[in-house]
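What follows is a set of notes on a single structure, which appears directly below.
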Amino acid sequence: MKFLRKQLDKVKPLFDKGGKYEKFAPAFFGIDTLLFVPNHATHKGSHIRDAVDLKRIMITVVIALLPALFFGMWNIGYQHFSQVSGSDMSFMALFSYGALKMLPMIVVSYGVGLGIEFAFAIFRGHEVNEGYLVTGMLIPMIMPIDMPLWMLAVSVVFAVVIGKEAFGGTGMNILNPALVARAFALFSYTGFMSGDKVWVADAGIDGLSGETILGTLALGKETSTSVFDMFMGYMPGSIGETSVLMILIGAAILLFTKVASWRIMLSAVIGAALVGLLFNAIGSETNDLFNFSWYEHLLVGGFAFGIVFMATDPVSAAQTNKGKWIYGFLIGVFSILIRIVNPTLPEGVMMAILLMNVFAPTIDHYVINGNIKRRQKRLKLKKA
Amino acid sequence: MSTDIKIKKGLTIKLQGAASNDIETSTRSKIFTIYPTDFHGITPKLTVKVGAKLLAGDVLFYAKSNEELKFTSPVSGELTGIIRGAKRKILALTIKADAKDTYKDFGKKTPSNLTDVQIKEALLECGAWAFINQRPYDTLANPKDTPKAIFVSGFDTAPLAANTKITLQGKEDAFQVGMDALSKLTEGKIHLSVQGNSFLNTIKGVSIHNITGKHPAGNVGVQISKINPINSGDRVWTINAQDVAIIGNLFLTGNFDTTRIIALAGSEVSNPKYYQAKPGTSIADFTKDKLASDNVRIINGNPLTGKSIKMEGSLGFYNNEVTVLPEGGAYRFMGWLPFVGNHIHSVSRTSFSFLASKKEYVLNTLLNGEERAFVETGAMEKVMPIDVYPMQLLKATLVGDIDRMEKLGIYEVAPEDFALIDYTSSSKIEAQDIIRKGLDLMISEVG
């Protein structure tokens with residue numbers, strides 16, 4: 001690694017102030033900082049600093065995503081070939097089939113997204129922020145496998161430019177950029193984002209069924225998937241969302257490292273379970289989703305993935321601890337509510353999170369007002 | 001009378017190189033250097049010319065904004081130089097010190113027989129007033145004010161901090177006399193915070209608070225917020241424990257003797273212990289033959305809040321501690337991976353060093369990352385025992401929204417209360433700097 005460091009140090013003067021490629025400094029330092037933690041020393045404030053930095057936080061989230069990603073790759077192959085009669089493929093064959101389908105999506109997502117991030121960094125003359133490391137991984141994982149790559153690319157452009165950079169970049173965005181990408185794709189390319197063909201690879205071409213459990217239920221049909229299969233993730237769906245087990249492993253990583261808020265996760269599950277129980281109690285003869293038991297609601301669709309990886313995005317979530325309870329709870333409530341009573345959307349977690357992203361500052365406002373009022377009350381007491 | 005207060009939030013950072021209990025007398029510098037920049041917000045007006053003969057306690061300069069605020073020479077000798085910077089700003093004064101100090105006689109006095117006005121005069125004429133700090137704004141106290149209370153923290157929880165049991169050794173009587181004098185200056189009480197058993201528990205005429213908990217439990221700002229929080233329009237004064245004894249000594253002897261017991265600590269000090277020295281002592285003399293390596297950062301104060309000082313510099317007016325840490329460090333390949341580089345202290349669970357919180361660490365001055373936008377939430381609150389929302393207050397301060405800063409509690413905080421946020425921030429936010437600028441804005445806009 002000393003060799004690499006030497007090479008970087010050799011070209012560095014070209015990018016320093018007054019250097020030949022000064023303009024491209026953010027790009028160079030973006031790459032440099034991805035390889036090495038820089039040797040910048042403190043020059044004001046505290047002289048010593050904790051080892052943690054934003055990149056470490058972001059990478060931890062990416063690592064937490066990996067179990068769900070790898071399972072998703074295998075499941076792409078499994079969902080396809082389990083419907084092809086007579087095929088008996090090994091675990092590795094199923095996995096590599098899925099990996100070959102998935103890798104181009106990841107490459108496009110990172111390529112396009114980071115390209116824009118670097119361009120904005122150069123244009124604005126600030127450092128490249130690490131936020132996209134997570135977003136870039138999330139976007140392909142919440143898309144259907146058959147999505148054309150160009151659509152993915154357009155969605156990424158929309159998410160990064162309108163969802164994030166328009167607000168000032170990482171840390172300033174109101175909505176979760178990955179969900180912006182998904183919402184954009186859903187409304188622009190509805191045919192590729194919903195229906196009974198898109199959730200299993202090449203379902204349309206090979207005449208397979210590619211319907212999700214929620215989609216089936218919304219159409220008033222029965223499903224035969226067992227609760228165990230739902231938990232393990234042996235069902236069609238967006239690439240990363242199906243396996244609750246793998247998502248729970250990711251959640252364990254995020255909670256152990258305290259990178260994501262347990263308050264949001266817990267309160268969202270409570271909110272969703274309560275609404276599920278409520279509808280179970282009401283029951284319905286026409287809508288099967290009323291009768292779909294509350295714990296199954298927690299296992300299917302994008303609920304688990306959304307709650308663990310997207311609702312907990314610290315930038316777009318509520319920022320106060322009390323606010324996080326309210327924010328998470330309402331996401332849980334709206335996810336299941338939209339799912340059950342909205343006929344046009346079989347899944348509600350994306351809309352619920354986006355909605356609460358918008359309301360998060362309002363929630364925080366009222367929580368912080370409590371603190372302000374305490375202060376004003378003290379002042380009044382003093383004057384009295 | 002004493003009350004118990006427990007501080008739950010915070011973080012105690014253990015560093016290698018804590019001072020042992022031995023006290024030595026530091027080498028006396030031939031040249032003492034006084035930095036007016038030690039006194040925040042003061043523009044100095046000189047009263048002496050180069051070549052002037054000085055006694056210890058003679059006025060060197062006063063504040064342009066308030067002539068009552070005088071700053072005096074810690075030693076007797078001859079003023080040899082006035083170092084100026086851009087726009088002829090006075091950066092430093094150098095004094096060639098006599099081998100032994102001759103003190104200006106301010107006369108022995110008994111504070112209990114004096115009125116508040118007489119005490120103020122006594123403190124102002126010798127320069128001891130500069131020890132008294134004011135909250136809000138964390139600046140020198142204004143002699144025209146009458147504070148609602150005075151706070152003295154009898155212990156320090158900062159990393160490698162000087163222990164008051166050592167620094168106040170043999171000064172018990174002076175401390176009591178100092179407290180007697182200060183008690184005349186407030187309409188309210190003097191609050192003295194103590195941790196554990198010490199003579200401080202027996203000080204009379206003050207209300208004593210037994211405080212336990214992690215750093216910043218020893219920060220006077222935290223204690224104020226738990227005992228008697230500052231409201232808009234309030235003034236409270238704070239003063240360091242050692243300086244109370246210096247004031248007491250002034251009344252007992254009539255001499256303004258600023259000698260302190262100062263901890264020389266840190267991993268780069270070969271034999272960390274305490275030294276008797278006066279502010280203005282040159283750092284080169286103070287650290288001579290005591291450092292373990294060359295590439296070091298010397299800090300006037302503790303590693304969280306102190307000011308970096310060069311070898312040519314001198315001991316600051318306020319510090320009880322000089323810390324020496326290794327300067328800088330190397331690039332770390334892929335060092336941002338979680339659970340890599342566990343030798344660096346971290347409270348984040350993304351490093352195994354959280355398992356070894358009792359270990360004494362050697363920390364260098366690396367930022368361990370780069371400054372980024374505010375992203376992580378909830379982390380700042382964990383190290384902020386004062387009842388404010390630190391992230392929201394920082395954001396309001398960054399945009400200079402005075403109304404909102406007021407509402408969110410800017411009056412209750414000082415930069416040092418945000419030091420742990422500097423330390424723990426994953427976005428490497430310079431919180432102390434932001435708060436200092438915010439307070440300066442408040443001074444100029446609200447006053």
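The values are calculated or read from the model by the stated rules, or taken from the named source; none is laboratory data. Predicted, not measured: the structure shown is a model, and the values here were computed from it. Here the Cβ positions follow ideal geometry from the backbone for every residue, glycine too, while neighbour counts run over all protein chains shown. Note: areas computed on protein heavy atoms with side chains; ligands, DNA, RNA excluded. Shrake-Rupley method; radii C 1.70, N 1.55, O 1.52, S 1.80 Å.
Tabulated values for the structure
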{"read-out": "Filtered residues of the range B:14-44 (kept if aliphatic (A, V, I, L, M) and either assigned by TED's automatic domain parsing to the domain that holds B:Val324 or outside any loop (DSSP other than H, G, I, E, B) (or both))", "value": "B:Leu15, B:Ile23, B:Ile31, B:Ile34"}
{"read-out": "Criterion: open to solvent by 10 Å² or more (accessible area, probe 1.4 Å), at pLDDT below 95, among the basic types (Lys, Arg) and closer than 16 Å to B:Thr424 by Cβ - qualifying residue of B:Arg332, B:Arg372", "value": "B:Arg372"}
{"read-out": "Selected residue (only one of B:Val296, B:Val244, B:Val322 is touching a residue at least 40 places away in the same chain (Cβ under 8 Å), buried (at least 20 other Cβ atoms within 10 Å of the Cβ) and over 13 Å from B:Ala161 (Cβ atoms))", "value": "B:Val244"}
{"read-out": "Scope the range A:14-61; condition over 29 Å from the mean Cα position of the chain (by Cα), of a type in the set (D, E, K, R) and in a helix (DSSP H, G or I); matching residues", "value": "A:Glu22, A:Lys23"}
{"read-out": "Residue within the range A:192-207 that is within 17 Å of the chain's Cα centre (by Cα) and open to solvent by less than 40 Å² (accessible area, probe 1.4 Å) present", "value": "yes"}
{"read-out": "Extreme residue, nearest to the other protein chains (Cβ to nearest Cβ), among residues of the range A:63-72 that are hydrophobic (A, V, I, L, M, F, W, C) and open to solvent by 10 Å² or more (accessible area, probe 1.4 Å)", "value": "A:Ile63"}
{"read-out": "One residue from A:Gly215, A:Gly210 being outside any loop (DSSP other than H, G, I, E, B) and outside the structural domain of A:Pro346 (by TED's automatic domain parsing)", "value": "A:Gly215"}
{"read-out": "Any hit, the range B:260-270, residues being open to solvent by 30 Å² or more (accessible area, probe 1.4 Å), without any contact (Cβ under 8 Å) to a residue 40 or more places away in the chain and either in contact with a Gly (Cβ under 9 Å, 6 or more places away or on another chain) or in the same structural domain as B:Leu315 (by TED's automatic domain parsing) (or both)", "value": "yes"}
{"read-out": "Count of the range B:247-267 residues which are within 22 Å of B:Leu15 (Cβ to Cβ) and touching a Leu at 6+ places or on another chain (Cβ under 6 Å)", "value": "2"}
{"read-out": "Number of the exception - B:Leu252 against (1) at pLDDT 95 or above; (2) buried (at least 19 other Cβ atoms within 10 Å of the Cβ); (3) of a type outside the set (S, T, N, Q)", "value": "(2)"}
{"read-out": "Among residues of the range A:339-361, those that are more than 16 Å from B:Arg404 (Cβ to Cβ), open to solvent by 50 Å² or more (accessible area, probe 1.4 Å) and assigned to a helix (DSSP H, G or I), counted", "value": "4"}
{"read-out": "Residue that is nearest to B:Leu420 (Cα to Cα) [pool: residues in the range A:32-62 that are facing another protein chain (nearest Cβ under 7 Å) and touching a residue at least 60 places away in the same chain (Cβ under 8 Å)]", "value": "A:Leu54"}
{"read-out": "The range B:62-89, residues that are among the hydrophobic types (A, V, I, L, M, F, W, C) and surrounded by fewer than 19 Cβ atoms within 10 Å (Cβ to Cβ)", "value": "B:Ile82, B:Ile83, B:Ala86"}
{"read-out": "In the range B:382-411, the residues that are open to solvent by less than 30 Å² (accessible area, probe 1.4 Å) and under 30 Å from B:Ala19 (Cα atoms)", "value": "B:Val383, B:Met384, B:Pro385, B:Ile386"}
{"read-out": "Set B:Leu439, B:Leu420: member being open to solvent by less than 10 Å² (accessible area, probe 1.4 Å), facing chain A (nearest Cβ under 9 Å) and out of contact with any Cys (no Cβ under 8 Å at 6 or more places or on another chain)", "value": "B:Leu420"}
{"read-out": "Qualifying positions in the range B:101-140 - surrounded by 18 or more Cβ atoms within 10 Å (Cβ to Cβ), of a type outside the set (A, V, I, L, M) and part of a helix (DSSP H, G or I)", "value": "B:Pro111, B:Lys120, B:Cys126, B:Trp129, B:Phe131"}
{"read-out": "Qualifying residue in the range A:69-91 (condition: at pLDDT 90 or above and under 27 Å from B:Phe333 (Cβ atoms))", "value": "yes"}
{"read-out": "Residues within the range B:7-51 that are of a type outside the set (Val, Ile, Thr), under 20 Å from the mean Cα position of the chain (by Cα), open to solvent by 20 Å² or more (accessible area, probe 1.4 Å) and closer than 27 Å to B:Ala63 by Cα, tallied", "value": "4"}
{"read-out": "Selected residue (criterion: surrounded by the most Cβ atoms within 10 Å (Cβ to Cβ)) from residues of the range B:335-344 that are touching a Lys or Arg at 6+ places or on another chain (Cβ under 8 Å) and in contact (Cβ under 8 Å) with a residue 12 or more places away in the chain", "value": "B:Trp336"}
{"read-out": "Failed criterion for A:Glu117 (all others in (1) surrounded by fewer than 19 Cβ atoms within 10 Å (Cβ to Cβ); (2) acidic (Asp, Glu); (3) assigned to a helix (DSSP H, G or I) hold)", "value": "(1)"}
{"read-out": "Entirely in the range A:223-324, the helices (runs of 4 or more DSSP H) that have 3 or more residues that are away from chain B (no Cβ under 14 Å) and open to solvent by 50 Å² or more (accessible area, probe 1.4 Å)", "value": "A:227-232, A:244-256, A:262-282"}
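Here's the yes/no breakdown for (1) within 7 Å of another protein chain (Cβ to nearest Cβ); (2) surrounded by fewer than 18 Cβ atoms within 10 Å (Cβ to Cβ); (3) modelled with pLDDT of 95 or more; (4) over 27 Å from the mean Cα position of the chain (by Cα):
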position	(1), (2), (3), (4)
B:Leu355	no, yes, no, yes
B:Leu367	yes, no, no, no
B:Thr377	yes, no, no, yes
B:Met380	no, no, no, no
